[in-house]
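Structure record follows, encoded as structure tokens.
What follows draws every value from the coordinates through simple rules; no lab data is involved. It should be emphasised that the depicted structure is a prediction, and the values quoted were computed from it without experimental measurement. Virtual Cβ from ideal backbone geometry, glycine too; neighbours counted across all protein chains shown.
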Amino acid sequence: MQHNQSQSPTTPQWGARRWLWPCIAAMGVAGAMALGWWRTSYGPAVGPDGVMYLETAESLLAGRGLWADGVPMTHYGPGYPLLLAIAALVQGEGVFESSRWLHTSLLGLNALLLGQAVRASTGRSVLAGVLAMLLLLTCEPAVRAHHTIASEALFVALMLAGLLLLSRSLRSGGHWSLLFGAASLGLAMATRYAGVALLAPLLLTLLAHPSTRQRPLLALPALVLTCSPLGLWLARNALIGGTATNRALFYHPPNSGYLTDFARALHGLLLSVEVPGWLEALGLVLVTGLIAGALAMLHRRRPLIAVARKQPLALLWLAFALAYTIVLAATRTFVDAQTPADSRILLPLWMALVVIIISLAYAVSQATGKRAFWWALVLVSVVAIGINGTYTWERSRSWHRNGSRYSGKTWRRSPTIAAVSCLPTGTIVYSNGYDVIRFLTNHEALTVPRHTNPNSLQPYPDYAGKLEAMCQAAATGRGVVVYLREVTWRDYMPDREAIVDACELSVLQELDDGIIYGSADARLDQTLR
């Protein structure tokens, strides 16, 4: 009787604690989706990559396969355009219209997965999970990436799910978690080529997993599930497109500007306060030093292998962070000189740092018995959430009122875009903003010939011939050249003066944000005016 009385007070408390995280997580997901839906009143942001993804999904729905710009799509992985097409089929709307629900859902899903990942690394701490969710939802670059037509949001979801399953398989020794985790990582690699960095945590899992240590052949199905999607896609590209990734190997090492951008982007993800460049670099060094110091402190208290067995997810994220940084450096140096060091590209690395830093602070406080380490991190996180949240709210209000990039109010109300919409059917349109024209009008548009390949930085041998063909089409009245003043980032194309000098074209219409060049053909000129 006495035993029952001592247990009864604790039962309701345990029940309450059991439901605390699910309730908080559900509110976090609902809040994330509400924020995303309200913010994207003009739809998700669309940039050059986004136009290609949308066109690929539309081509797939039309039964033409994964094609874009008249050729097989090889530059990107197939995962994201496939999901866009599936979302359009499920919702019965256009690809762009359905993408709003898709990206709103992805933000809620990733907030939940990130919170769960941090909880799994901190002894199921509800506070740690809440901090992780709030760090994501108040980080403007991360929220922006989730509301942009790009593959990062899907990649992060598959990455988070895969690493969570791998860590679960390490703790339980289960084989099914390993296989499902490997499959999730395989889909992530087929979504972004840089996802090959996920092979590092997979291999680490296979080396440490009790089943594969006893029976090494059990690792084979996991490797097949991870590598097959990307391998089949690359084989398809080589077979029908003549190139595996639409890129060539050339040596173009990162310069100091790229490294500065890297530090600035990572700083912007961590804290939305502008500081001098040297302070951004110092902060990056400091974060790296703190992680290394925490690992050294843990190793002195207890071998890291023992820590990893108890909290394997943190070690898997650390392996991914190192591998992803190496992959980005190798890609920028040998494969794609256009790879930016911006917050969208660094979003997976930021996710890794959130899990690593929070889990290490928790592990150090547990190993040393000094809770000050943990509460110091909580305080820093709360300050960052407050500062970042204010900025994110202001940017969200701006997105709600004006939209962003090609789908925003500025481009939708562009006088030049409106003039292009009035061109006669069949007019060939060449432009430095060919992608935004294709997105916002019913006209097909071709790129102004490029003198340099932006990925390899090598000159195009057929540049002169393509330039002459464009000039001929415009001079004979079959086409026009549309120069958009707001498109300033394509230095691999000839500028306006070079086009005018090469083609000797007349100005058919000059508008606030662009100029339309062509022949003085009376019919076309009258149509424009």
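Positive end of the charge dipole of the chain (Lys, Arg +1 and Asp, Glu -1 on Cβ, about the Cα centre): tell me which of 137, 393, 20 has its Cα farthest that way.
Positive-most Cα among the choices belongs to 20.
Could I have the simple spin-label model distance between residue 90 and residue 211, label points 7 Å from Cα toward Cβ, reported in nm to one decimal?
2.8 nm
In the range 368-404, which trypsin sites (Lys or Arg not before Pro) fall in coil by DSSP and have 14 or fewer other Cβ atoms within 10 Å?
In loop regions of the range 368-404 (DSSP not H, G, I, E or B), the sparsely surrounded trypsin sites (Lys or Arg not before Pro) are 370, 371.
Can you list residues from other chains, or at least 5 along the same chain, whose modelled amide H is less than 5 Å from the amide H of residue 148?
HN-HN under 5 Å from residue 148: 45.
Quick one: of the DSSP bridges fully inside the range 414-528, what percent are antiparallel, nearest 5?
Percentage antiparallel, nearest 5: 60.
Please work out the ratio of the alpha-carbon Rg of the chain to 2.2 N^0.38 Å and round it to two decimals.
Normalised Cα radius of gyration, the chain: 1.09.
Is it possible to state the helix-based mean residue ellipticity at 222 nm for the chain, with each DSSP H run of 4+ residues giving -39500 (n - 2.57), the sum divided by total residues, to the nearest 500 deg cm²/dmol? What is it?
Only helices count here, giving -21000 deg cm²/dmol.
Order 284-292, 433-441, 328-336 from most to least packed using the mean count of other Cβ atoms within 10 Å.
433-441, 328-336, 284-292
Along its three principal axes, how long is the range 414-528 when you only count alpha carbons? Whole Å, largest extent first please.
41, 26, 23
Roughly how many nanometres apart are two label points built 7 Å out from the Cα toward the Cβ at residue 491 and residue 172?
5.3 nm
Rounded if a/c is under 1.5, else prolate if a/b is larger than b/c, else oblate: which is the range 328-433, with a ≥ b ≥ c the root eigenvalues of its Cα gyration tensor?
Because a/c hits 1.5 or more and a/b fails to exceed b/c, the range 328-433 counts as oblate.
Multiply the residue separation of residue 376 and residue 220 by 0.36 nm, subtract the distance between their alpha-carbon atoms, and state the gained length in nm to one decimal.
Extra length from residue 376 to residue 220 when fully extended: 51.8 nm.
How much of the DSSP bridge set in the chain is antiparallel, in percent, rounded to the nearest 5?
55 percent
Put +1 on the Cβ of each Lys and Arg and -1 on the Cβ of each Asp and Glu in the range 20-395; which of 339, 35, 322 then has its Cα farthest toward the positive end of the dipole?
Value: 322.
Could you work out the longest stretch of the chain that avoids the GluC sites (Glu not before Pro) located in DSSP loops with at most 16 other Cβ atoms within 10 Å? Please list the in-between numbers first.
Values: sites that count: 93, 274, 444, 486, 504.
By the stated rule (loop sites, at most 16 other Cβ atoms within 10 Å), 94-273.
Just name one of 258, 175, 165: the one whose Cα is farthest towards the positive end of the charge dipole of the range 20-395 (beta-carbon charges, Lys/Arg +1, Asp/Glu -1).
175
Could you give the dipole magnitude of the chain about its Cα centre, charging the beta-carbon of Lys and Arg +1 and that of Asp and Glu -1, in debye to the nearest 20?
Numbers: 41 positive and 29 negative charges, 597 e Å.
It works out to roughly 2860 debye.
Using alpha-carbon pairs under 8 Å, 6+ residues apart, how would you state the relative contact order of the chain in percent?
Result for the chain is 16 percent.
Once whole DSSP H runs in the chain are found, which of them have Cα atoms spread over 15 Å or more along the helix axis and a mean Kyte-Doolittle score of at least 1.6? The partial results should precede the final answer.
Working: long enough: 10-39 (43 Å, 0.19); 48-61 (20 Å, 0.29); 79-91 (18 Å, 1.73); 95-120 (36 Å, 0.60); 126-137 (17 Å, 3.02); 152-172 (30 Å, 1.40); 175-189 (21 Å, 1.25); 219-236 (26 Å, 1.36); 256-270 (21 Å, 0.45); 277-301 (36 Å, 1.19); 312-330 (27 Å, 2.14); 343-368 (36 Å, 1.68); 372-402 (44 Å, 0.16); 463-475 (18 Å, 0.35).
Span-like helices here: 79-91, 126-137, 312-330, 343-368.
Sort by residue number and report every cysteine in the chain with no other cysteine beta carbon within a distance under 4.7 Å.
If one checks each Cβ against the other cysteines of the chain, 23, 139, 227, 422 turn up with nothing under 4.7 Å.
Dipole magnitude of the range 414-528 about its Cα centre, charges +1 at Lys/Arg Cβ and -1 at Asp/Glu Cβ only, in debye to the nearest 20?
The dipole magnitude comes to about 300 debye.
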